[in-house]
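The structure appears right after this line, and notes come after that.
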Amino acid sequence: MEHLLGQEWDISPAGGATGEAFIAEKDGQKLFLKRNSSPFLAVLSAEGIVPKLMWTKRLENGDVITAQHWMEGRELSQQEMNNIRVAKLLQKIHQSDPLLSMLKRLGKSPLRPESILTEIETGLSSDVTDIPIIKQAIHFLQNNLLLIECDEKVVCHCDVNHNNWLMTETDGLFLIDWDGAVIGDPAIDLGILLYSYVPREEWNEWLARYGKKLDAGLEMRMKWHTVSQLVLSIQWHHRRKRYEERNDLLHKLETLLMAG
C-alpha cells in the first residue's frame, strides 16, 4: 500500500473480517482503501449508495485497489432503523436498474429459494442439524417452499443490520459492505430488517414508506427468508466457535418460529 500511495501516507488496517481494508491519511486527507473490491462498487458510488469512489488502480500482481472518500460518521442505532430514510434508501436500491444490470454483467443469476434450501440441507454440520429448533426451521422451509415464489428480482444487500448503515457528520446516509450482494426477492432484505428492528404493529407503516403493502404472500416470503438467513448464520457462528452469538441467533429463530 505504501508503494502504491507513497511513503508520506500513513496507512493502517480498517478492521473487518477479510483484512483487506485500510485507512490512508496524509495532510488532513483521508481515504478508505480496499483490496479487490467488486467492480460493483463503481455503480454503488454513482448511485450515491456508498461514499464516493475516488480512484481504482491495478497492481502488478493483478490485485485491484479502490479508494473511497472517507466519511466521518457513525453506524445507525437499532431504533433509527425504523426511520423513513432507511426505508427510502432501501427502496432506491431495490428499484435501481443500474445496480441490477451491473450484477447481471458480473455473472450473477437470481438466487432461488430452492438453492437456499439445498445449501441448508447439505451444508449444515450434523451437530447443528440435531438442534431441535433447527430441525423445526428446516421443516418450515421445506413445507412452505412452494408458497414463496416471487417474480420480482432486485439487488439485495443480504446484511442490512444497523452496523452497515453509515450516517455521516453532514447527515448523509449510506449502506456499506456489499460483498454479499445477490439478485433475489426483495423480501430477503425486508424480512431480516423488519423482524430485527421494527415492531410488528408498525410493519404496515414502514412498508408504506418503502412503497409496498403488507399482505399474506409478502409476510410468508419475509418469514421464509428470515428463517433461512438465521439458520445459515447459526451455522457460520458455530463453525467459528462463536457460541454466544450462535445461541443469541437460536433464541431469535425460536421466537420467530413460535410466533406462528
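The values are calculated or read from the model by the stated rules, or taken from the named source; none is laboratory data. Just so you know, these numbers come straight off a predicted model, no measurement behind them. Reconstructed Cβ throughout: ideal geometry from the backbone, glycine too, with neighbour counts over all protein chains shown. Ligands, DNA and RNA are stripped out before the accessible areas are found, and what is left, the full protein with its side chains, is counted by its heavy atoms. Shrake-Rupley method; radii C 1.70, N 1.55, O 1.52, S 1.80 Å.
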Yes or no: the stretch 152-168 includes at least one residue that is in a helix (DSSP H, G or I) and open to solvent by 80 Å² or more (accessible area, probe 1.4 Å).
no
Could you tell me which of the residues 30, 57, 88 is within 20 Å of residue 181 (Cα to Cα) and either in contact (Cβ under 8 Å) with a residue 12 or more places away in the chain or among the acidic types (Asp, Glu) (or both)?
88
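Kindly establish whether residue 134 is surrounded by 14 or more Cβ atoms within 10 Å (Cβ to Cβ) and farther than 26 Å from residue 199 by Cβ. Spell out how you get there, then give the answer.
On the way: surrounded by 14 or more Cβ atoms within 10 Å (Cβ to Cβ): yes; farther than 26 Å from residue 199 by Cβ: yes.
So residue 134 fits the description; yes.
Report, by residue number, each residue of the stretch 183-226 that is of a type in the set (A, V, I, L, M) and more than 11 Å from residue 148 (Cβ to Cβ). So that I can check it myself, show each step before the final result.
Step one: list which residues in the stretch 183-226 are of a type in the set (A, V, I, L, M), which gives 183, 187-188, 190, 192-194, 198, 207-208, 214, 216, 218, 220, 222.
Answer for the stretch 183-226, where residues must be of a type in the set (A, V, I, L, M) and more than 11 Å from residue 148 (Cβ to Cβ): 183, 190, 192, 193, 194, 198, 207, 208, 214, 216.
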Any residue that is open to solvent by 80 Å² or more (accessible area, probe 1.4 Å), closer than 25 Å to residue 169 by Cα and touching a strand residue (DSSP E or B) at 6+ places or on another chain (Cβ under 8 Å) - is there at least one of those in the stretch 27-44?
no
Tell me the residue from 216, 208 that is under 16 Å from residue 82 (Cβ atoms) and either open to solvent by 30 Å² or more (accessible area, probe 1.4 Å) or at pLDDT below 95 (or both), please.
208
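From the set of residues in the stretch 68-78 that are surrounded by 15 or more Cβ atoms within 10 Å (Cβ to Cβ) and at pLDDT below 90, which is farthest from residue 192 (Cα to Cα)? Give the steps one after another, and end with the answer.
Taking the stretch 68-78 as the starting set, the residues that turn out to be surrounded by 15 or more Cβ atoms within 10 Å (Cβ to Cβ) are 68, 70-71, 73, 76.
Pick out the ones that are also at pLDDT below 90 and you get 70-71.
Working: 70: 28, 71: 26 Å.
My answer is 70.
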If we only count helices (runs of 4 or more DSSP H) wholly inside the stretch 31-127, which ones have 2 or more residues that are over 30 Å from residue 201 (Cα atoms) and among the aliphatic types (A, V, I, L, M)?
40-46, 97-105
Only one of 167, 222, 258 is of a type in the set (A, V, I, L, M) and modelled with pLDDT under 95, namely 258
Return the pair list, or none, for Cβ contacts closer than 9 Å from residues in the stretch 210-228 that are farther than 21 Å from residue 116 by Cβ to residues that are part of a helix (DSSP H, G or I) and charged (D, E, K, R), at least 6 apart or on different chains.
210/88; 211/88
